[in-house]
Amino acid sequence: MKICVISFDFWNYDAHIVEELRRKGVDAHHINIGAYQHENLSARVKNTISKVLMKRNIKNELRQEMILKELKRLGPQDQILVINPELIDREFHFKIKKFTQKYIAYLYDSLARCPANHLFDMFDEIFSFDKADAKENNFKLITNYNYLPEVNNCKPVKYDLIYLGSYDKRITFLSKIITKLDSLKLTYNFVVVGKNTWTKNINVQNNKQINFTRKRIQHQDIQGYYCQGKVLLDLMRENQTGLSFRFFEAMALKKKIITNNPTIKDYDFYRPENILVLNDDFSNVDRSFFDGNYQELPQELYRKYTIENWVETVFSLNL
């Protein structure tokens, strides 16, 4: 069987899908359009001028041409999975679809944040991690996956609470929770990654206690980073309620998690001993949650959220 995954894999999560497929004996390949780079400085300047004067993104067009070039090299596929298909123009979806018998989409963003309604008719199956979108559009609901090996002794622990996220409006929330943590004398390490982090948003209180960086933590180092915290912090993106990878990383590392995503209570792995859903005023944050022990999940429930089960479900594998 031949399967190709196409995505803009900024944090390198999607590569795990291909690795798992290969472990199962599938001839799998990953076309990461996020890895495309301008050939030289001249091409970069040309693209910048084109975007400003002509409202045309040449780099985006070349990324899509790269997909077709790679598919011609790889040949026909039994299945192609496109993650967040709105990143590809409709005309290119027609061309990509010719290379496969089964064309699948996975929406790892809400439609409110990343509209893809104009592409629904392109796909044989559409999966979404957002419950509301899945229900309203008759998508197949599936969460993100636990890609890490199960860890029984995650050390050393240096902080009570730890956070890693992209630079966006969530930093305002970080500022507020810092005030609460300081009042409880709890330690923390918050890292915010993005091209615009140099601005450090001077209007955000407590920004000096947040580590801003343009250089993201390498994917292979994420486990070590999270191991430094007793508890992980998860913050929802605006207009999004699907579960982030934080929940599944916490599951593998046997870490508790604090979140402002109330939908977590609807999932079968929710345990109040392990997952604290924040009140608006943070009044339910206290030391007792940090001091209590993590409650392990039954193995059957744990496996349900592994990448192995995710791959078997999305690609209908019976291996």
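The values are calculated or read from the model by the stated rules, or taken from the named source; none is laboratory data. Keep in mind the model is a prediction, meaning the values are calculated, not measured. Positions of Cβ are generated from backbone atoms using ideal geometry, with glycine treated the same way; all protein chains shown enter the neighbour counts.
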Quiz item: Across the range 185-215, which residue is farthest from the chain's Cα centre (by Cα) among those that are modelled with pLDDT of 55 or more and surrounded by fewer than 13 Cβ atoms within 10 Å (Cβ to Cβ)?
Solution: LYS185
Quiz item: Restricting to the range 103-144, what's the tally of residues that are under 21 Å from ASP9 (Cβ atoms) and either assigned to a strand (DSSP E or B) or polar (S, T, N, Q) (or both)?
Solution: 12
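Rundown of residues vs (1) assigned by TED's automatic domain parsing to the domain that holds PHE245; (2) within 20 Å of the chain's Cα centre (by Cα); (3) modelled with pLDDT under 95, yes/no style:
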site	(1), (2), (3)
ASN40	no, no, yes
LYS59	no, no, yes
PRO76	no, no, no
PRO85	no, yes, no
ILE104	no, yes, no
LEU107	no, yes, no
PHE127	no, yes, no
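Residue-wise test of (1) surrounded by fewer than 20 Cβ atoms within 10 Å (Cβ to Cβ); (2) at positive phi; (3) not charged (D, E, K, R).
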{"position": "ALA105", "(1), (2), (3)": "no, no, yes"}
{"position": "ALA112", "(1), (2), (3)": "yes, no, yes"}
{"position": "LEU119", "(1), (2), (3)": "yes, no, yes"}
{"position": "GLU125", "(1), (2), (3)": "yes, no, no"}
{"position": "ASP133", "(1), (2), (3)": "no, no, no"}
{"position": "LYS140", "(1), (2), (3)": "yes, no, no"}
{"position": "TYR145", "(1), (2), (3)": "no, no, yes"}
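To keep it simple, each residue is scored yes or no on (1) surrounded by fewer than 17 Cβ atoms within 10 Å (Cβ to Cβ); (2) more than 20 Å from the chain's Cα centre (by Cα); (3) not charged (D, E, K, R).
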residue	(1), (2), (3)
PHE247	no, no, yes
ASN260	no, no, yes
TYR267	yes, no, yes
LEU278	no, yes, yes
ASN284	yes, yes, yes
Quiz prompt | Single match in ALA35, ALA28, ALA116 (criterion: small (Gly, Ala, Ser), closer than 30 Å to GLN220 by Cβ and modelled with pLDDT of 90 or more) | solution = ALA28
Practice problem: Identify, by number, the condition in (1) part of a helix (DSSP H, G or I); (2) free of Cβ contacts under 8 Å to residues at least 40 places away in the same chain that SER316 doesn't meet. | Solution: (1)
Practice problem: Please give the number of the condition VAL231 fails out of (1) touching a residue at least 60 places away in the same chain (Cβ under 8 Å); (2) more than 19 Å from LEU181 (Cβ to Cβ); (3) not polar (S, T, N, Q). | Solution: (2)
Quiz item: Within the bounds of the range 137-154, is there any residue that is more than 22 Å from LEU243 (Cβ to Cβ), touching an Asp or Glu at 6+ places or on another chain (Cβ under 8 Å) and among the aliphatic types (A, V, I, L, M)?
Solution: no
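Out of the residues in the range 1-26 that are of a type in the set (A, V, I, L, M) and part of a helix (DSSP H, G or I), which is surrounded by the fewest Cβ atoms within 10 Å (Cβ to Cβ)? Give the steps one after another, and end with the answer.
Here is the first cut: in the range 1-26, the residues of a type in the set (A, V, I, L, M) are 1, 3, 5-6, 15, 17-18, 21, 26.
Those still in the list that are part of a helix (DSSP H, G or I) too: 15, 17-18, 21.
Working: ALA15: 16, ILE17: 25, VAL18: 22, LEU21: 25.
Out of the qualifying residues, it is ALA15.
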Self-check item: Every pair of residues 6+ apart whose Cβ atoms lie under 8 Å, when the first sits in the range 276-301 and is assigned to a loop (DSSP other than H, G, I, E, B) while the second is of a type in the set (Ser, Thr, Tyr)
Solution: LEU278/THR259
Exercise. Determine which single condition ASN153 fails, assuming it passes every other condition in (1) part of a strand (DSSP E or B); (2) of a type outside the set (Gly, Ala, Ser); (3) more than 24 Å from the chain's Cα centre (by Cα).
Key: (1)
